[in-house]
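Engineer: This is the structure I have questions about; it appears just below.
The values are calculated or read from the model by the stated rules, or taken from the named source; none is laboratory data. For clarity, every value in this text was computed on a predicted model and none was experimentally measured. Virtual Cβ from ideal backbone geometry, glycine too; neighbours counted across all protein chains shown.
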């Protein structure tokens, strides 16, 4: 049994009791655990021991005997122990964070966000919420993605279980431009980047410790199945430092320092909207500036450099400069159309 399997069960029991107004029988709790956690079987004695462990830990779980039998539910202490006091300003900040997490719609994370949001609303005096509504209308959050992950909820649940239980997962995965392939991964965690969820996991077949950890986009999973195999967690893996090495989400342990020569306008934009917390921007003389920024792959930099146009030039390393130059040449070839041909190809060309 995985070390934290009991902890996962107990946490889910608390969630089940929190969501049940009239309590649940031991059999109902057992059945819900089997369904939610994807277990093949679970004995009621195990559930009873988990509940007793929670009671010993201080949770106010009480029993009552009603028409359908003996039920367990949270007592009054645990239902009212957390008092919520929120100002209108704090509520605005919370609602903005809720908007920015919209890609999580359809996942258990979003259910938690909505549950907490509703608890806050119910606890607020009417005047505070009216004040919030008035000022929230003057603050709009734009640029949030329209992507949702309802269709991946089952896959995400399996992946989360694999992360917490340190179990190998067999997945069907399709990279862009490649056929679907069955892979075995060792999941370490999740990352939300821009509008997408990524699974940070080691590819089982890769033995090089510098290359094993990859970023797998959740959109590209067609299937995920837990295996009965457990993997040894690499104690050197720190997701925060791993993800902070580069400016994007491309995987790779070894970020390179990229130097980019910028004009004055481009440098001003980079001061306002930095690409990376560790970037350095130095005056290179004659209204030119030198940007040094870590990156793992040229494709991380490509859209950013192209957005700056001729006001940005990648200097080094050579591999990054070559990749950007090839992309620019390909674009130039695409747009190298005679003006007459381009005009003729437009709808209603020549008519006013």
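Engineer: Could you list, in sequence order, all residues of region 265-304 that are part of a strand (DSSP E or B) and in contact (Cβ under 8 Å) with a residue 12 or more places away in the chain? Spell out the reasoning first.
Structural biologist: Going residue by residue through region 265-304, those that are part of a strand (DSSP E or B) are 280-285, 288-295.
280, 281, 284, 288, 289, 290, 291, 292, 293, 294, 295 - these are the residues of region 265-304 that are part of a strand (DSSP E or B) and in contact (Cβ under 8 Å) with a residue 12 or more places away in the chain.
Engineer: Sort out which residues of region 308-320 are in a helix (DSSP H, G or I) and closer than 17 Å to residue 289 by Cα, and write them in order of number.
Structural biologist: First, the residues of region 308-320 that are in a helix (DSSP H, G or I): 309-311, 318-320.
Residues satisfying the conditions are 309, 310, 311.
Engineer: Inside region 247-264, can you point out the residues that are at pLDDT below 90 and either out of contact with any helix residue (DSSP H, G or I) (no Cβ under 6 Å at 6 or more places or on another chain) or not in a loop (DSSP other than H, G, I, E, B) (or both)?
Structural biologist: Taking region 247-264 as the starting set, the residues that turn out to be at pLDDT below 90 are 247-256.
Matches in region 247-264: 249, 251, 252, 253, 254, 255, 256.
Engineer: Taking the stated definitions as given, is residue 219 within 20 Å of residue 171 (Cα to Cα) and in a helix (DSSP H, G or I)?
Structural biologist: Details: within 20 Å of residue 171 (Cα to Cα): yes; in a helix (DSSP H, G or I): yes.
Answer is yes for this residue.
Engineer: So which residues in region 185-212 are surrounded by 16 or more Cβ atoms within 10 Å (Cβ to Cβ) and either part of a loop (DSSP other than H, G, I, E, B) or not assigned by TED's automatic domain parsing to the domain that holds residue 230 (or both), if there are any at all?
Structural biologist: Of everything in region 185-212, those that are surrounded by 16 or more Cβ atoms within 10 Å (Cβ to Cβ) and either part of a loop (DSSP other than H, G, I, E, B) or not assigned by TED's automatic domain parsing to the domain that holds residue 230 (or both) turn out to be 204, 212.
Engineer: Are any of the residues in region 25-36 under 21 Å from residue 159 (Cβ atoms), touching a helix residue (DSSP H, G or I) at 6+ places or on another chain (Cβ under 9 Å) and modelled with pLDDT of 85 or more? Talk me through it step by step, then tell me what you get.
Structural biologist: Taking region 25-36 and keeping what is under 21 Å from residue 159 (Cβ atoms), we get 32-36.
Okay, now just the ones that are also touching a helix residue (DSSP H, G or I) at 6+ places or on another chain (Cβ under 9 Å), so 32-33, 36.
Subset that is modelled with pLDDT of 85 or more: 32-33.
Scanning region 25-36 turns up at least one residue that is under 21 Å from residue 159 (Cβ atoms), touching a helix residue (DSSP H, G or I) at 6+ places or on another chain (Cβ under 9 Å) and modelled with pLDDT of 85 or more.
Engineer: Sticking with this one: From the list 257, 226, which residue is surrounded by 13 or more Cβ atoms within 10 Å (Cβ to Cβ), more than 30 Å from residue 282 (Cβ to Cβ) and touching a strand residue (DSSP E or B) at 6+ places or on another chain (Cβ under 6 Å)? Let's see the steps before the verdict.
Structural biologist: On the way: 257 fails: more than 30 Å from residue 282 (Cβ to Cβ).
Residue meeting the stated conditions: 226.
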